[in-house]
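K.L.:
Please read through the structure below; I'll follow up with questions.
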Amino acid sequence: MRWNLIWRLVAETFRVFNGAETCCFLAVTNDKGQMTNDKSTIQKTSALASRRQLLQLGLAAVGAAWAGTILQLNLFPQASAEEAKPVEFALSELPVGGTKQITYGGIPTLVLRTAESIKAYSLVCTHLGCIVEWQPGNKEFYCACHDGRFDQFGEVVAGPPPVPLEQFPVREENGKVIVGELV
């Protein structure tokens, strides 16, 4: 049985590379597994015997990949900051010089309070999407993935991140901190 398969592969390879319909000096198997040279009983062993079939299969694979991507985007949409609901918490939970970590629109966010203002920054690194950590001693965000650093205003200080951290709108109202816009 093993030799039968080897002969079949050799004959198919010869036929494909030479463009011949059948191999004239190699015997191949018919539907019953018997060795033959008869053109009428030779079975096609390769589903990709022609360039047209290979191209059709390639186009079908690309089409299936695109269809899968579109289906995934429709079934599992990504939440964006524009669609996110505002997050509220008491101003007393955020002392001057302190921080509070929240989740805004599915994105980990750090709210910083200074004597002058309150700011909210995404904790997602702008380089490759790693989560950054706040280092209060250095007053900077640090991404351990590729040694990226951002200052307390979200601006790039060092490393490969191409743009600053995303900043979210914050306001103080009636003793509450509200991160995000009301839609």
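K.L.:
Tally the residues that are aromatic (Phe, Trp, Tyr) and at positive phi, restricting the search to the range 155-177. So that I can check it myself, show each step before the final result.
P.N.:
Start the filter on the range 155-177 by keeping residues that are aromatic (Phe, Trp, Tyr), which leaves 168.
Checking the rest, the ones that are also at positive phi come to none.
Counting residues in the range 155-177 that are aromatic (Phe, Trp, Tyr) and at positive phi gives 0.
K.L.:
In this structure, does Leu165 turn out to be among the aliphatic types (A, V, I, L, M), assigned to a loop (DSSP other than H, G, I, E, B) and in contact with a Ser or Thr (Cβ under 8 Å, 6 or more places away or on another chain)?
P.N.:
Answer is yes for this residue.
K.L.:
Turning to a different aspect of this structure: Tell me which of these His127 doesn't satisfy, since it passes every other one: (1) surrounded by fewer than 17 Cβ atoms within 10 Å (Cβ to Cβ); (2) in contact with a His (Cβ under 7 Å, 6 or more places away or on another chain); (3) of a type outside the set (Asp, Glu).
P.N.:
Looking at each condition in turn, His127 falls short on (1).
K.L.:
From the list Gly97, Gly137, which one is surrounded by 11 or more Cβ atoms within 10 Å (Cβ to Cβ), small (Gly, Ala, Ser) and part of a loop (DSSP other than H, G, I, E, B)?
P.N.:
Exactly one of Gly97, Gly137 is surrounded by 11 or more Cβ atoms within 10 Å (Cβ to Cβ), small (Gly, Ala, Ser) and part of a loop (DSSP other than H, G, I, E, B), namely Gly97.
K.L.:
Have a look at Ala27, Ala79, Ala120 and point out the one that is surrounded by 11 or more Cβ atoms within 10 Å (Cβ to Cβ), within 30 Å of Pro160 (Cβ to Cβ) and at pLDDT below 80. Walk me through how you get there before you give the answer.
P.N.:
Working: Ala27 fails: within 30 Å of Pro160 (Cβ to Cβ); Ala120 fails: at pLDDT below 80.
The match here is Ala79.
K.L.:
Still on this structure, please answer the following. Given the options Val62, Val111, name the one that is surrounded by fewer than 14 Cβ atoms within 10 Å (Cβ to Cβ) and either at pLDDT 60 or above or not in a helix (DSSP H, G or I) (or both).
P.N.:
Of Val62, Val111, the one residue that is surrounded by fewer than 14 Cβ atoms within 10 Å (Cβ to Cβ) and either at pLDDT 60 or above or not in a helix (DSSP H, G or I) (or both) is Val62.
K.L.:
Something else about it: Restricting attention to the range 132-169, report how many residues are within 23 Å of Gly105 (Cα to Cα) and in contact with a Cys (Cβ under 7 Å, 6 or more places away or on another chain).
P.N.:
Of the residues in the range 132-169, 3 are within 23 Å of Gly105 (Cα to Cα) and in contact with a Cys (Cβ under 7 Å, 6 or more places away or on another chain).
K.L.:
Working only within the range 140-183, note down all residues that are surrounded by fewer than 18 Cβ atoms within 10 Å (Cβ to Cβ), of a type in the set (A, V, I, L, M, F, W, C) and farther than 17 Å from Thr99 by Cβ.
P.N.:
Selection gives Ala144, Cys145, Val157, Ala158, Val163, Leu182, Val183.
K.L.:
Inspect the range 132-153 for any residue being closer than 21 Å to Asn174 by Cβ and of a type in the set (Lys, Arg) and give the result as yes or no. Write out each step before concluding.
P.N.:
To start, the set of residues in the range 132-153 that are closer than 21 Å to Asn174 by Cβ comprises none.
Looking for residues that are closer than 21 Å to Asn174 by Cβ and of a type in the set (Lys, Arg), one finds none in the range 132-153, hence no.
The values are calculated or read from the model by the stated rules, or taken from the named source; none is laboratory data. Owing to the predicted nature of the structure, the values given are computational and were not obtained by experimental measurement. Glycine gets a Cβ as well: all are built from the backbone with ideal geometry, and neighbour counts include every protein chain shown.
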